[in-house]
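A single structure is presented below for examination.
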Amino acid sequence: MSNDILRDVPIDSPVRRLRAEAKLLSMVALSMALVFEPTWIMIGIAALLGVAIFRLANLPVAILPRPPAMLMWGLFGGMIGASASGGDPVVIGLGLGGLLDYLRLICLGIVLLFWAGMLAWTTGLAELGAGLRRLIHPLRRIGVPTEEIGTVLALTVRALPLVADEVRVVADITMTRPTPPPSKRGFGMIIHGFALAVDAAVAVVVGTSRRARDMAKAMVSRGSTSAPHPDPMRIRFSDVLAVVCAVTLTVVSFMV
Amino acid sequence: MARTKNDQHRRAVDATKGPLDATELADAAIAAALVFAILAIGRLLAAGTFFQVLGTVVFAVLAARHRTRTVVLAVVSTVLFTVLLGGTGPITQSAVGGLFGWAGGTSLARGYSRFKTIGLSLLVGFPPVAMASLAFFWLADELRELTFENVRNQWKGIGRIFDLVNASSAHDSGTEIIESIIGWWPVALPVTQFFISIVYALIVRRLSRRVLRGVNDALGPVVPMDLELSNATEGPVAPVPLAIDGAPIRRGDYVVNESVTLAVGEDEHVAISGRNGSGKSTLLDTLAGFGADDDIERTGRPGLGEVGGLAYVSQRPEGQVLAPTVSEDIRWGAPDDVDVEAALASVGLAGFGDRLTSELSGGEQQRLALASALARQPKLLLADEITSMLDPEGRAQINALVRDINESGVAVVRTSHLAADLDEADRVVTIGEPQRPESQGLLNTNFVGRMLLTATDVSFVYDRGKPWAHEVLSDVDLTIRSGELVLITGSNGSGKSTLARIIVGLASPTSGTVELGEEVHRAIAFQHARLQLLRPTVEQELNSLAGAHNQTPQGIERGQRIASAMRSLGISHLGKTRVDTLSGGQQRRVLIAGLLARGTTLLVLDEPLAGLDDEGRVQLTDVVDQLRREGTAVVVVSHDPTWGHDRVDQHLHLVQGRLTDGVNLTSTEVPSE
């Protein structure tokens, strides 16, 4: 399930060839700029930049996820309330202030998600794990157990497809459990749903714990509980350029 | 008594110092991946809060079973990965989930009361949450004002719509309240969070307690430490020659086999056979050095995973892969100067270095595990049922590889119940009682009756419209009648699992139609029966599976159905038995009994024979005949085209989503006695 949402799209492009940590740092810098300066100008710049990079990465439009209908209705409802409040600016007798404030908040959320998606679509999870490990590596000087964290990060990357498998099977099993008799409607249904959720959670935790056991045994069998180091960092001009651009944009947005 | 024992255990867990061991690392990583997946789904469904609670429960269960360091590492890993989900929301959710999960889980493990749990949760969770959000709101002043402005606007908008502005005192006082909350946000925010924290701690406690009980029921309350290596023998590494002379084989305190005699010399290839439960796997674990190995005579240390020592390969292909890419996996724990390409070439995986391990087939993953073993130039290879999850082609490749390894001077000890595997060995040692595969036999084998399901031109495309869309089924036609035995075979990725999900109604075809007869109840028994069995005892499980909740007339009738299903499957004597103590074959029968008692008329069995010995296979075949006699249609999905039942009515073989030479036996061959 999760790996369908954050599916890595293996299309070669300049964006894909960037180092994972360069993309990660650029995204974090840009997100900070957006969160601390959520002006229309910043949102506009981030959106335009995002679309440009989307094109540069040769990503097909089809990968954009469709939001669930529930969310759309919620957003629509909020829009009615916000529009009705009026406020400046007034265009042809209609106060658009409330609506614009509302749209600004929504656009901010969409742009943040879009950037995160871009990172996921152009970076394999394996690469991202290696990037995170390289990023935390210098922290060993201040006593952070980076080896141990690195091993957990590497194992987490490995665990994700296993966990997704398990979640899928348990979801299937939960779907095929019998529905309660008609006498159990209303409040009884909620109790039944709660029991079903607990059952499903137990099944997922138990199933994944067995996977963990296999993993632990494999580690002992290899005689090592520490993941091999990822390839050392080879810093390229394009990586530096991406980070510098993102950081500059962020700093400029704070100063203006 | 049990409580004090658990307390002692808990104190021992808390007192452990130093880096995480293999079990803790794996549990931390699995929990991190699980919470990440949960939050990702929450993000997609825009229901973050509900999924945050589930993630917190996962951390709580981890905290109840492990020491704090394990939880901290799991949370750190989750937080780092949730950057991928965008914005600050998921990062906050995983961090908050970690704090409250730790507090809730620790409280459960220590048996804290409700008040003490709230106290601990507030102590650990509230200060960081309050301070972080105050700092964030103070720094991100623009976003704060924008948010407040939107709250004001919504309230004003609602008032305008109902024409209440300046007309209703209720609306005016509402405006006042909102304004004062906004004006006093540095106070209002932490006060709100304080009360939410209390409610949150209570919800987490309630949910985690239920989940933890279920998990402890299934896995045992104490995390087993049986992965520690014994150090009975000292000195230089020398795994062979070895000998066991009439010694018992134990798993923990439990004696699996009273007396085992075995001798393995250098360069030898020994196969161990025996029925399920005879202790084959436990014997290999003991040889590998897991647990006590006092009874094994060796000239030196076994040296598991060391250069020139012993290497161990196990049954589940995907369970042994540790790293995301093939080359990293080879390098895990291998000597620094390991030649990755040479190791891969030696198992026929040349050029696979950059491939993702999760995209390899089962056979390729097993070969990778062998490559990893060979990279250590072992003297002894232990192989536990390494072909049982593979299709015939993968099995043949692995057997050829094991033969080469043995011929290059490595001693091999392997377990198997397949004749083809046993034939490879220089000699076969049978442990435990011999098998007695005897079929009950059926005189009349033609049970085929009314139509239950007709599928016409069924195709299925995964993720239609996405760049990774692929067609897994094309134009499949299929009719299933009552009492029929349908065999669906195909290799991994042939579409047989998707067809099974469509037959049982878990998936809808993207094109084509599925038509159902009257009164058709469909169910599926998945390969890993344990996932489908959630209650501690067989009786409770059957009640749950059959949907019996109470003693209403329906409930009583269901009780009779359960009793009759138990008789049909020969498990009447197991009612009070704990599900954990059952063998894989018995668990599968419990599951089938439960599905039958539910009134299932079309039953899909996913790989029902995987891991069963000859006796178990014969028993299951008898069960299938019994089901068909009662009018249930049985669909068996397997990667093994040599499925041992000689009374298959329809055999459908799938190759890349298409039916090939599907043989319809009903029309041509009705066995007669």
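The values are calculated or read from the model by the stated rules, or taken from the named source; none is laboratory data. Keep in mind that this is a model prediction, so the values were computed, not measured. No Cβ is skipped: glycine too gets one built from the backbone with ideal geometry, and neighbour counts run over all protein chains shown. Remember, those area values only see protein heavy atoms, side chains included, never the ligands or the DNA or RNA. Shrake-Rupley method; radii C 1.70, N 1.55, O 1.52, S 1.80 Å.
Which of rounded, prolate or oblate describes chain A when judged by the alpha-carbon gyration tensor and an a/c cut-off of 1.5?
Working: a/c = 2.33, a/b = 1.08, b/c = 2.15.
Oblate shape, in that a/c is at least 1.5 and b/c is the bigger or equal ratio.
In nm, give the distance between the simple-model label positions of A:Ala47 and A:His229, each being 7 Å from the Cα along the Cα-to-Cβ direction.
About 4.6 nm, to one decimal.
What full-extension length gain, to one decimal in nm, is calculated for B:Gln540 and B:Arg206 as 0.36 nm per residue of separation minus the Cα-Cα distance?
My answer for the length gained is 118.0 nm.
Can you tell which of A:Ala195, A:Ile80, A:Met70 lies farthest toward the positive end of the dipole of chain A, using +1 and -1 charges on the Cβ of basic and acidic side chains (Lys, Arg; Asp, Glu)?
Going by the charge dipole, the pick is A:Ala195.
Hand me the trypsin sites (Lys or Arg not before Pro) from region B:3-111 located in a DSSP loop with no more than 16 other Cβ atoms within 10 Å, in residue order please.
Counting only loop positions with at most 16 other Cβ atoms within 10 Å, the trypsin sites (Lys or Arg not before Pro) in region B:3-111 are B:Lys17.
Roughly how many nanometres apart are two label points built 7 Å out from the Cα toward the Cβ at B:Ser508 and B:Val191?
Taking the simple label geometry, B:Ser508 and B:Val191 are separated by 5.1 nm.
Among B:195-207, B:250-262, how do they line up from the highest to the lowest mean number of other beta-carbon atoms within 10 Å?
Going by the mean number of other Cβ atoms within 10 Å, highest first, we get B:195-207, B:250-262.
Still on this structure, I have one more. How crowded by other chains is B:285-298, given as the mean number of beta carbons from other chains within 10 Å of each beta carbon?
So the per-residue partner count for this stretch is 1.
Please say if region B:381-435 is rounded, prolate or oblate, where rounded means a/c under 1.5 for a ≥ b ≥ c the square roots of the C-alpha gyration tensor eigenvalues, and otherwise the choice is prolate for a/b larger than b/c and oblate otherwise?
Oblate, since a/c reaches 1.5 and b/c is not below a/b.
Please report the relative contact order for region B:451-664, taking Cα pairs under 8 Å with a sequence separation of at least 6, and give it as a percent rounded to a whole number.
So the answer I get is 31 percent.
Can you give the mean number of other chain Cβ atoms that lie within 10 Å of the Cβ atoms in peptide A:159-171?
Working: counts 12, 11, 8, 8, 10, 5, 2, 6, 4, 0, 6, 4, 2.
If you average over the peptide's residues, the count of other-chain Cβ atoms is 6.
What accessible area per residue comes out for chain A, rounded to a whole number of Å², with a 1.4 Å probe? The partial results should precede the final answer.
Details: 11950 Å² over 256 residues.
Accessible area per residue, chain A: 47 Å².
Apply the a/c threshold of 1.5 to the C-alpha gyration tensor of region B:282-337 and tell me whether it is rounded, prolate or oblate.
Judged from the Cα gyration tensor, region B:282-337 comes out oblate (a/c at least 1.5, b/c at or above a/b).
Now for a separate question. Given a 10 angstrom Cα cut-off, can you work out which residue in A:Ala46, A:Ala212, A:Ala22 is the most mobile in a GNM of chain A?
Result: A:Ala212 has the largest fluctuation of those listed.
Another question, then. For chain B, what is the mean residue ellipticity at 222 nm derived from helices alone (per DSSP H run of n ≥ 4: -39500 (n - 2.57); sum divided by total residues; nearest 500 deg cm²/dmol)?
Estimated from H runs of four or more residues: -15000 deg cm²/dmol.
If you don't mind, another one. Ignoring ligands, DNA and RNA, please state the percent of accessible area on region B:242-430 from carbon and sulfur, probe 1.4 Å. Could the numbers behind the result be given before it?
Values: 3150 of 7040 Å².
About 45 percent, which is the carbon plus sulfur part of the accessible surface.
Using the Cα centre as the reference, give the magnitude of the dipole from point charges on the C-beta atoms of chain B (Lys, Arg: +1; Asp, Glu: -1; all else neutral), rounded to the nearest 20 debye.
Value, rounded to 20: 3140 debye.
Same structure again: Could you tell me which of B:Ser133, B:Gly490, B:Gly86 has its Cα farthest along the dipole of chain B towards the positive end, charges placed at Cβ (Lys, Arg +1; Asp, Glu -1), taken about the Cα centre?
B:Ser133
Let me ask something else. Would you kindly state the longest site-free stretch of chain A, with sites defined as trypsin sites (Lys or Arg not before Pro) in a DSSP loop (not H, G, I, E, B) surrounded by at most 11 other Cβ atoms within 10 Å? Could the numbers behind the result be given before it?
On the way: sites that count: A:Arg185, A:Arg234.
Answer from the scan: A:1-184.
Work out how much length B:Asp477 to B:Glu179 would gain on full extension: take 0.36 nm times their residue separation and subtract the Cα-Cα distance, in nm to one decimal.
Extra length from B:Asp477 to B:Glu179 when fully extended: 100.6 nm.
Could I ask something else about it? Note the angle between two axes, namely the Cα long axis of helix B:141-161 and the longest principal axis of the Cα atoms of chain B, as a number of degrees from 0 to 90, rounded to the nearest 10.
Helix B:141-161 sits at roughly 80 degrees to that axis.
A further question on this structure: Angle between the Cα long axis of helix B:169-183 and the longest principal axis of chain B, 0 to 90 degrees, nearest 10?
The answer is roughly 70 degrees.
Something else: Return the average number of partner chain Cβ atoms within 10 angstrom of each residue Cβ along peptide A:95-107.
For peptide A:95-107, the averaged partner shielding equals 3.
Still on this model: Suppose R0 equals 25 Å. What FRET efficiency, 1/(1 + (r/R0)^6) with r the Cβ-Cβ distance, do A:Glu147 and B:Asp337 give to the nearest 0.05?
According to the calculation, E is roughly 0.75.
Turning to a different aspect of this structure: So what is the calculated 222 nm ellipticity per residue for chain A, using -39500 (n - 2.57) for each DSSP H run with n of 4 or more, over all residues, to the nearest 500 deg cm²/dmol?
One gets -24000 deg cm²/dmol as the mean residue ellipticity at 222 nm.
Which of A:Gly77, A:Gly50, A:Gly129 moves the most in a Gaussian network model of chain A with Cα springs under 10 Å?
Between A:Gly77, A:Gly50, A:Gly129, it is A:Gly77 that shows the largest mean-square fluctuation.
Also, quick follow-up: Among B:Ala188, B:Ile178, B:Gly274, which residue has its Cα furthest toward the positive end of the charge dipole of region B:177-275, with +1 on Lys/Arg Cβ and -1 on Asp/Glu Cβ?
Projecting each Cα onto the dipole axis, the largest value belongs to B:Ile178.
Here's something else I'd like to know. At a Förster distance of 22 Å, what's the computed FRET efficiency of B:Asp172 paired with A:Ile80, Cβ-Cβ distance as r, to 0.05?
0.50
Here's a follow-up. In this model, which of A:Lys217/B:Lys466; A:Lys23/B:Lys466; A:Lys217/B:Lys116; B:Lys280/B:Lys576; B:Lys379/B:Lys496 are farther than 30 Å apart at the alpha-carbon?
Beyond 30 Å between Cα atoms: A:Lys217/B:Lys466; A:Lys217/B:Lys116; B:Lys379/B:Lys496.
Let's see if you can work this out: charge +1 on each Lys and Arg Cβ, -1 on each Asp and Glu Cβ, no other charges. What is the dipole magnitude of region B:242-430 about its Cα centre, in debye to the nearest 20?
320
Something else about it: Which of the GluC sites (Glu not before Pro) found in region B:263-327 are in a DSSP loop and have at most 15 neighbouring Cβ atoms, other than their own, within 10 Å?
Taking region B:263-327 and a limit of 15 other Cβ atoms within 10 Å, the loop GluC sites (Glu not before Pro) found are B:Glu266.
Taking a virtual spin label 7 Å from the Cα of B:Asp463 along the C-beta vector, which residues in region A:139-165 bring their backbone nitrogen under 17 Å of it?
So the set is A:160-165.
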